[in-house]
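The values are calculated or read from the model by the stated rules, or taken from the named source; none is laboratory data. Model, not experiment: these values are computed from the prediction. Cβ atoms come from the backbone with ideal geometry, glycine included; neighbour counts cover every protein chain shown.
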């Protein structure tokens, strides 16, 4: 089943939308995102979903401009999920919602996806669970070489990006809070792994699953 309304997040898109950093605008927001997912499954049109949100104040934002910005951000993420994933999100428990929303965040924002693949997963592979300040600095330096726009950001914006990124990691249960940052393996239910693997096994990397685990789900589909 294809991604809803958007091409696969792994494929290249137009330059002006390939590297959004707007994940800083919203946390995972499981309840709000589940509500939007349920409405989209009924309406099959994101503008109709927004009309419903605006009419009934579903995002708990008084100002129309703030409500619209939040809707745009959450719908950007949700558009990367398949219909089956949206169904699981709409009807799932809090754990299921957080895990699927983390998938959506990784698919929607290359910066987050690259951090997981280039920094977090290699550390997990060798059982190095400490996330050091130098790990992030190294990643940011390498990412800036590939995406010069990062060099143009104000220091306050750079700090906000790191802070929000770490908060998202805490929300999904992948990173401990505090000064001593430690990575934590996720316990992902089999039905979620099977669902995501059916679309793209590479997306299982976003939950920091090992190659052996990913191969197991890939082989099970054959």
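When you check residue 42 against the structure, is it under 22 Å from residue 166 (Cβ atoms) and not assigned by TED's automatic domain parsing to the domain that holds residue 146, yes or no?
no
On the basis of being touching a residue at least 40 places away in the same chain (Cβ under 8 Å), under 28 Å from residue 19 (Cβ atoms), under 16 Å from the mean Cα position of the chain (by Cα) and assigned to a loop (DSSP other than H, G, I, E, B), does residue 168 make the cut?
no
Which residue is nearest to residue 85 (Cα to Cα), if the candidates are limited to segment 199-210 and must be touching a residue at least 24 places away in the same chain (Cβ under 8 Å) and assigned to a helix (DSSP H, G or I)?
199
Determine whether residue 122 is more than 13 Å from the chain's Cα centre (by Cα), not in a helix (DSSP H, G or I) and not assigned by TED's automatic domain parsing to the domain that holds residue 213.
no
Give me the residue from segment 124-165 that is surrounded by fewer than 17 Cβ atoms within 10 Å (Cβ to Cβ) and touching a strand residue (DSSP E or B) at 6+ places or on another chain (Cβ under 7 Å) and, out of that set, nearest to residue 212 (Cα to Cα).
129
From the list 30, 20, which residue is under 15 Å from the mean Cα position of the chain (by Cα) and buried (at least 19 other Cβ atoms within 10 Å of the Cβ)?
Exactly one of 30, 20 is under 15 Å from the mean Cα position of the chain (by Cα) and buried (at least 19 other Cβ atoms within 10 Å of the Cβ), namely 30.
With (1) touching a helix residue (DSSP H, G or I) at 6+ places or on another chain (Cβ under 7 Å); (2) part of a helix (DSSP H, G or I); (3) without any contact (Cβ under 8 Å) to a residue 60 or more places away in the chain as the list, and residue 177 as the residue in question, which single condition is left unmet?
Just one mismatch for residue 177, condition (2).
Any idea which of (1) touching a residue at least 60 places away in the same chain (Cβ under 8 Å); (2) closer than 20 Å to residue 202 by Cα is the one residue 126 doesn't satisfy?
Against the list (1) touching a residue at least 60 places away in the same chain (Cβ under 8 Å); (2) closer than 20 Å to residue 202 by Cα, residue 126 comes up short only on (1).
Test of understanding: among 105, 116, 112, 53, which residue is touching a helix residue (DSSP H, G or I) at 6+ places or on another chain (Cβ under 7 Å), in a helix (DSSP H, G or I) and more than 23 Å from residue 192 (Cα to Cα)?
After ruling out the rest, the residue left standing is 53.
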